[in-house]
1. Radius of gyration and Dmax for region B:113-282's Cα atoms, expressed in Å?
2. Under 1.5 on a/c is rounded, so check that first for region A:5-65, then, if it is not, pick prolate when a/b is larger than b/c and oblate when it is not; a ≥ b ≥ c are the square roots of the alpha carbon gyration tensor eigenvalues.
3. Cut-off 10 angstrom, C-alpha nodes, Gaussian network model of chain A. Which of A:L206, A:L102, A:L308 fluctuates the most?
4. Which net charge results when you count Lys and Arg as +1 and Asp and Glu as -1 among the other residues whose beta-carbon is under 13 Å from that of B:K236?
5. If the viscosity is 0.890 mPa s and the temperature 25 °C, what translational diffusion coefficient in µm²/s does Stokes-Einstein give for region A:229-353 when Rh comes from Kirkwood over Cα pairs?
6. Using a Gaussian network model of chain A with C-alpha springs under 10 Å, which one of A:T30, A:T165, A:T95 is most mobile by mean-square fluctuation?
7. Considering every residue in B:55-68, what mean count of other chain Cβ atoms within 10 Å of its Cβ is obtained?
8. Mind scanning B:K278/B:K340; A:K90/B:K54; B:K68/B:K148; B:K120/B:K144; B:K108/B:K211; B:K57/B:K211 and naming the pairs with a C-alpha gap bigger than 32 Å?
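What follows draws every value from the coordinates through simple rules; no lab data is involved. If you're wondering where the values come from, they're calculated on a predicted model, not measured in any experiment. Note that each Cβ is placed from the backbone with ideal geometry, even for glycine, and that neighbours are counted across all protein chains shown.
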Amino acid sequence: MNKPTTTARGVYTIPEERRIGGKAHLALVTRRNAAERRFRAYGIAALGLSLLFLVTLFVTIIGNGASAFRQTYVKLDVNFAADVLDPDGKRDPATLGSANYLTLVRNTLRSQLPDTEGRAALREAQGLISSAANYQLREMVLADPLLVGQTRPVWVLASALVDATLKGGIDRNLPESDRKISDRQLGWLDKLAAEGRIERRFNSVLFTAGDSREPEQAGIWGAVMGSFYTMVVTLALSFPIGVAAAIYLEEFAPRNRWTDLIEVNINNLAAVPSIVYGLLGLAVFINWFGLPRSAPLVGGLVLTLMTLPVIIIASRAALTSVPPSIREAALGMGASKMQTVTHHVLPLALPGMLTGAIIGMSRALGETAPLLMIGMVAFIVDVPTGFTSHATVLPVQIYLWADSPERAFVERTSAAILVLLGFMVAMNALAVILRKRFERRW
Amino acid sequence: MKHNALALAIVAAMAAGAAQAQGARDTISIVGSSTVYPFTTTVAETFGKGSGFKTPKVESTGTGGGMKLFCAGVGVQHPDITNASRRIKPSELDDCRKNGVADIIEIKVGYDGIVVANSKKAPTYQLTRKDLWLALAKEVPDPKGGDKLVANPYKSWKEIDPALPDNKIEVLGPPPTSGTRDSFVELVMDVGCKDFPAMKALEAADAKRHKAACQTLREDGAFIEAGENDNLIVQKLEANPGALGIFGYSFLEENLDKVHGSLVDGHSPTFEEVADGKYPIARELFIYVKKAHIGVIPGIKEFIAEYTSEKAMGKDGYLADKGLIPLPDAMLKAVQADVKAGKVLTGL
């Protein structure tokens, strides 16, 4: 077998079939090509699987959440009866403010709907419209006292029950005992719908209100503002501190055991579970400094601790990517070390630093665990107005709604997730744009 | 110099925040149980809209976590009220007293039923607490006889009681951190293990071992810890009609189209049966108020008046709409009278 053969090109010890173009060689090539195709197929399968997960996630969230952006309203002919609102006829704002608007709502329902005799029936009728109606009528009267004594058509918020029924969340064909809405209520609803008194509009409450226990009155604006204040604190502290630390470590610090130790620690800190920062924040900022619980200031400080390592690492990477020739040229022209850094290195590294900061911030925006420890997992109705007012943040709002028994919170949870995802996508897009726009390649 | 100014500004901002926190607080601060959270938040919201005071802030920290914060001391940085899905423990009361929180007003707000439910696609179970214990305890008396405890051999409900369906034992329930789990252990497991001669013998011989044997849930896959989120348990029951789930009554009420509650000791988990005290797995819910804060933080007195009012806690009150099982009339009257008189907790 190993007998040398002589051809025009030389002397071979390799048998014919194993030479290039031989049978064995061709088989090997086929095998290798097959292996390569398989390898690519694995990659495509992995990609397909992750895309599938992503699509499933989006489809479920959008499927659940899309309906939350519309909200049902009911038109009632409200008689702003003078004897209920203002028995003594003086139109005194204090009297008008403290009048019993619930009676007004009840009287309206009684006159509008059939069979509302008796307490139980009236309670069921009241279940059709949101308890926000009382406050809405109160606002209307206080804004325009001339309404007293008149009858006006008013669009009021429908209750979450009605909203869910009309959106198909409650199956009308189930036996009465198995659904929350009664036959009598369904009858009233059909009557109202037939009279054109039911309308679905854009759910502006969701974007303007704070939290509420009544799903139809609950909104994310309070949480969005809470997130905003928290992020302002985080950005204002973590970006300058992170960049300063990175510049010192990269440009000025001597390379020795201490700086190595610091570097290792920074890398480790980036991987510490975020709840640990919450515990630290509780111990240091609240118990020791005496800062208030549930405040965006403390939330921002805790998230600063969490974001700092990320920003330092990204900023150092951005600084290293600036070629040494730039520094050498500046130094060669007689610039001081600080001038070199501030005039040349920093401007060139800044896009990379900003990208790192934005990615760190979007991580901080989605964080809930550390905020649990410092009291930001809370029911806050009033929209926060400053850094020390009580606040919660978007992901916490999602968590709290997901834990609520009321069915109507399911769609609101998904809607809030969509808003949070929107913010995340916007921030990451900004990071990409900054990089594309300003990054210099060497 | 510019940098120094910036640093100074940050420190000043923090100091200002601290000063503000230490000074006055005009919002009531409430912490505690996630089970009472839906009810307290409802009262807080109504109170905030109607009273002219600011809406109280309600944190969901769990009963134990809430007690710890509540008992940490008197002063504006400490919460005014804590929610609890069980009574305060003697150790917690001691802790409170040690930190100067001497006068505590205890308000019983109502009941919460714990239901054992399954999907509507499957028939309703008729269970006893003994059945539940036999199905869920890690160790049970040997079914072949004798006083020895063996690792739980039951695989199917039929093996426990021939009247029960021949379904695999699969129960989804809350993790140990949950107050619902504590109550389930206390109200079902502790009671269910009482009737066995083997357990009685053990109780006499070794009380500690007896307690562990009664309370330890099995870890062989028949009991599944499904997380704190009760909505998730309902979803899983819907997907798996063979399984049972343990969760709070308000979640049953919201999901009556998907799940139904099993009868326990012959009583079904309905509003009426829990309110009458017939349904056996029901617990009392409390709020605890720091008396020293009344008059310091504005609105506390008015807030507890709103909480204990007929329109909130009463039979047709708005809390009943949220799934709270109200107190019997006589007890509500007593609670209202105690609150009015400012009666404090003297001992347990």
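1. 15.4, 48
2. prolate
3. Of the options given, A:L102 has the highest mean-square fluctuation.
4. Counting the neighbours of B:K236, the net charge comes to -3.
5. After rounding, the answer is 154 µm²/s.
6. Residue with maximal mean-square fluctuation among A:T30, A:T165, A:T95: A:T30.
7. 4
8. Details: B:K278/B:K340 30 Å; A:K90/B:K54 29 Å; B:K68/B:K148 41 Å; B:K120/B:K144 35 Å; B:K108/B:K211 28 Å; B:K57/B:K211 39 Å.
Check vs 32 Å cut-off fails for B:K68/B:K148; B:K120/B:K144; B:K57/B:K211.
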